[in-house]
Amino acid sequence: MVSNTDVRRRRDPARWRATWTLAIASVAALLLTVGISTSGAAPAKQARGAAVGSTLTWALQTNPASLFDAYYFSAEGSEIFSLVQDHILAPGTFGQPTTGAGSVVSTWKAVTPTKYVYTIKPGIKFSDGSPLTAADVAFSMNVHRDPKTGSKMGDFFGNVVSIANRGNKVTVVLKKADSNWQFTPAASPGLVYSQKDYRAKGASFGTPGGMPIGTGPYKFSEFTPNSRVVLVRNPYYKGKKYPWNKIVFPVIPDEQARLLALQSGQIDGTFAVPNNSIATWTKAPNMKVGTYVSGGWRGFSIDVEDGPFQDVHVRRAIAYSLNKPDINEALTSSRGKVLAGLPPLIFLKGLLPAAEINAALKKVQTYDYSVANAKSELAKSAYPKGFSTTLNVPAGCAACLLLSQVLSAGAGKIGININLNMMPGPQRFQVILDHKPHLGIQVLGQAPDSPHPMQYLDLLYTSAHAQPGYENSANYKNPTVDKLIEAGLATSDLKVSARDALKVMQIASNDVPYIPVFMFPGAWAVKPGWEFKSSLGPFFYNQLWLQHLVAK
């Protein structure tokens, strides 16, 4: 393996891939060891016990803004889309790219660190009977790159020079080496669409009158906004046949209504178990609840170019005013993990010895809850008497609201008045993507797109991503951090990336552009006698997750 500093030598692609495979296997093993817990009835039999031809009813919390992932980029949306659209590559339990079920690729290769070639499987058909071609696969990525699309996933392709097809192959050329790219075709940006279908439906694509077709086991048959999405079998799908002829996704925004619907048998299950109510759901009768390591986190970004927030002492004061352990207890019943920084340590523990991680964490500045320390930091700032600001909170996200209320209460004790402004989730996310001046404080909740140690850091800390279409809502720009992220992405050695990630954590802890609070647990709830196998992991929403569902 060649180090990232030896830029004149060419990496051996086979050896490069092997290094990643072994590293991911180590992390996945750790994940499966620590990540699963369940409550309720004893383990059930495999899904083959479910009645063939029956209907599966699976509740959603949020109304889908669109059936096109370019406009509805969320884990809950992907739960639906991944049953209709195959991915270019199928994500494994820990996000590792595979060519198994759910993938339209037979083989792929990193010809060089900046050139990837994908060979498309023959004989795959869309649900209208038309054949899948390499042109469709190339289109499915290029549509996100096209500024006219306005895709919420355009930032995944910022390092791409070109995506082209020839024969049964698709070639992706990158501007510079990026070891995180290999995971992109196995994530949400890797969903495969029909180019012809997209062109024919035009502006209606993704709406009730323009439901996309796909190559997955199911196809869309109904989309009634604020009511439900319905799937039926794709007659041209040649893969595993799941027990259910129809899958209904009713939209039930109210938590208590979802809970009662499950207890009464109106729904079979849901992934919409709020972090702050896991304990309540676990104790509820006539259902089964399980948790798993999600790799997702909640916290805040602070725009370092906006008014009072330009002052690092203000940012540190806010960090001191937040009681992380109490928030973790209140919002997750201590099932989450309080974070010292990003990325969550689950992405590092399978790569580096615990002693090395612990030694690095000693150099990370912590802000243990202290009103006295918060006041002291604010006194050092240009705003010793405090100020007022507004925090946008996505409606329908109970955890976001509770987290924001705690922040507001804590900051209020030191003279910082934070007014909460409720707004629809998709519109709030668009505020971040529009990236207009004065972003202030933003409450964040993010699920991982890949297991790469640099994934979150590149997304949030890279200077070039402090612009429209990207998610650096803190407007954080640090040349040293940029170099560490670039080096961590350029290398094929995950251990090197993990060490660079710890260095970024140390630097960012002093600058406080973000306040990571906790890594939230994932949770599912199903009717009695059902459960999920232990292989359910952080990237299940991009998988054919029905394969993990165990039912009677």
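The residue of the range 78-96 that is surrounded by the most Cβ atoms within 10 Å (Cβ to Cβ), among those that are at pLDDT below 95 and of a type outside the set (Ser, Thr, Tyr), is 91. Of all residues in the range 181-203, which are under 17 Å from residue 98 (Cβ atoms) and either in contact with a Ser or Thr (Cβ under 8 Å, 6 or more places away or on another chain) or not assigned by TED's automatic domain parsing to the domain that holds residue 68 (or both)? 183, 184, 186, 187, 188, 190, 191, 192, listed by residue number.
In the range 133-226, which strands (runs of 3 or more DSSP E) lie fully inside it and hold 2 or more residues that are closer than 27 Å to residue 537 by Cα?
Numbers: elements: 160-166, 169-174, 218-224.
In the range 133-226, 218-224 are the strands (runs of 3 or more DSSP E) which contain 2 or more residues that are closer than 27 Å to residue 537 by Cα.
For the range 394-424, filtering for residues that are crowded, with 19+ Cβ neighbours inside 10 Å and over 24 Å from residue 371 (Cα atoms) leaves 2. Scanning the range 254-289 for residues that are surrounded by 15 or more Cβ atoms within 10 Å (Cβ to Cβ) and more than 18 Å from residue 530 (Cβ to Cβ) gives 255, 274, 275, 276, 277, 280. For residue 152, the criteria (1) surrounded by fewer than 17 Cβ atoms within 10 Å (Cβ to Cβ); (2) touching a His at 6+ places or on another chain (Cβ under 9 Å); (3) of a type in the set (D, E, K, R) hold in every case but one, which is (1).
Inspection of the range 341-360 identifies at least one residue that is closer than 30 Å to residue 61 by Cβ, in a loop (DSSP other than H, G, I, E, B), in contact with a helix residue (DSSP H, G or I) (Cβ under 6 Å, 6 or more places away or on another chain) and among the small types (Gly, Ala, Ser). Inside the range 288-314, residues that are in contact with an Asp or Glu (Cβ under 8 Å, 6 or more places away or on another chain) and in a helix (DSSP H, G or I) make up a count of 4.
From the list 476, 514, 470, exactly one residue is hydroxyl-bearing (Ser, Thr, Tyr), surrounded by fewer than 20 Cβ atoms within 10 Å (Cβ to Cβ) and in contact (Cβ under 8 Å) with a residue 40 or more places away in the chain. Which is it?
Values: 476 fails: surrounded by fewer than 20 Cβ atoms within 10 Å (Cβ to Cβ); 514 fails: surrounded by fewer than 20 Cβ atoms within 10 Å (Cβ to Cβ).
Within the list 476, 514, 470, the selection yields 470.
For the range 309-340, what are the residues that are without any contact (Cβ under 8 Å) to a residue 40 or more places away in the chain and under 22 Å from residue 474 (Cβ atoms)? First the steps, then the outcome.
Initially, the range 309-340 is screened for residues without any contact (Cβ under 8 Å) to a residue 40 or more places away in the chain, giving 310, 329, 334.
The answer is 310, and nothing else.
The values are calculated or read from the model by the stated rules, or taken from the named source; none is laboratory data. Small disclaimer: the values here were computed from a predicted structure and weren't measured. Quick reminder, even Gly has a Cβ in these numbers, built from the backbone with ideal geometry, and neighbours come from all protein chains shown.
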